[in-house]
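The next block holds one structure in the form of structure tokens; read it before the comments.
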Amino acid sequence: MFINAHSHKNAQSPDEWVCRNAFHFLGVEGLNKVGYPVSVGWHPWYADRFTPDSENVLASFLKAENVVAIGETGLDRSVSVPFSAQMNTWTFHYHLAQKHSLPLIIHCVKAYYDLVPFCKRSSVPLLFHGYRGNPEITQTLLECEPVWFSFGKDLLSRPQSRALFAQIPVSRILLETDNSGLPIARIYEEAAALLHLSLEDLQGEMKKNALRFFGEKALALF
């Protein structure tokens, strides 16, 4: 099995378990129909459109049985959306995840230090997807027990990401395709080479990690 922790696409092969990101415009009925595990959330790029009604709609999504995580949500200092709006949206998602004991999938750009206080007190796992921190913030985040790191296409082409990948224990890593279109098997091949593991051993490690991050019930939704 290839565990794909975060994608905007359906599974590309029968041996892929994928948590697909379901944007906020899908309703509960739509979520119940898709037939695969999803995360639900409000991306920070749209945080200025997040209203009290949006809060109620998002909370209602959790009635769908295939919702296994909240997100992607987070903070992004590279966009023009007011940071205060992003923080309000993020805070709502964070508390919703704590209340319902669901893991969080985080989009973070140039705002890692803003999220450290949340990481320190979270009671649920937090996954920084498409992780692009630096060695210093990586060490700080590693000291926060709930924090996980997900890597995807950057492993094939970005030396900084390859170096960060080597800094993080395999027990805190998941793999993803995000919106790249790459097969998850290609990401696994690169990660296995970097870790000096066989593909089968890496698959075993990622399944163990996914069980700890998403839970056994989530992985049963194949």
Mean ellipticity per residue at 222 nm, deg cm²/dmol - from DSSP H runs of n ≥ 4 across the chain, formula -39500 (n - 2.57): -12500 deg cm²/dmol
Cα gyration tensor shape for the chain, rounded if a/c is under 1.5, else prolate or oblate: oblate
Environment charge at residue 77 (Cβ cut-off 10 Å; Lys +1, Arg +1, Asp -1, Glu -1): -1
Added length on full extension, which subtracts the Cα-Cα distance from 0.36 nm per residue, residue 142 to residue 48: 30.7 nm
Contour minus Cα-Cα distance for residue 162 and residue 185 (0.36 nm per residue): 6.6 nm
Dipole magnitude of region 2-219 about its Cα centre (Cβ charges: Lys, Arg +1; Asp, Glu -1), debye to nearest 20: 200
Cysteines, the chain, no other Cys beta-carbon under 4.7 Å: 19, 108
For region 58-90 versus region 202-218, the gap between their alpha-carbon centres in whole angstrom: 23
Spacing of the two label points (7 Å from each Cα toward its C-beta) at residue 87 and residue 208, in nm: 4.0
Region 135-222 - charge dipole about Cα centre, Lys and Arg +1 at Cβ, Asp and Glu -1, debye rounded to 20: 120
Within a Gaussian network of the chain (alpha carbon springs, distance under 10 Å), most fluctuating of 31, 199, 155: 199
Residues residue 110 and residue 63, FRET efficiency given R0 of 35 Å [Cβ-Cβ distance, rounded to 0.05]: 0.50
Separation of alpha-carbon centers, region 124-179 and region 1-51, rounded to whole Å: 20
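We did not get these values from a lab; they are worked out from the coordinates using the rules stated. Keep in mind it's a predicted model, so treat the numbers as computed, not measured. Positions of Cβ are generated from backbone atoms using ideal geometry, with glycine treated the same way; all protein chains shown enter the neighbour counts.
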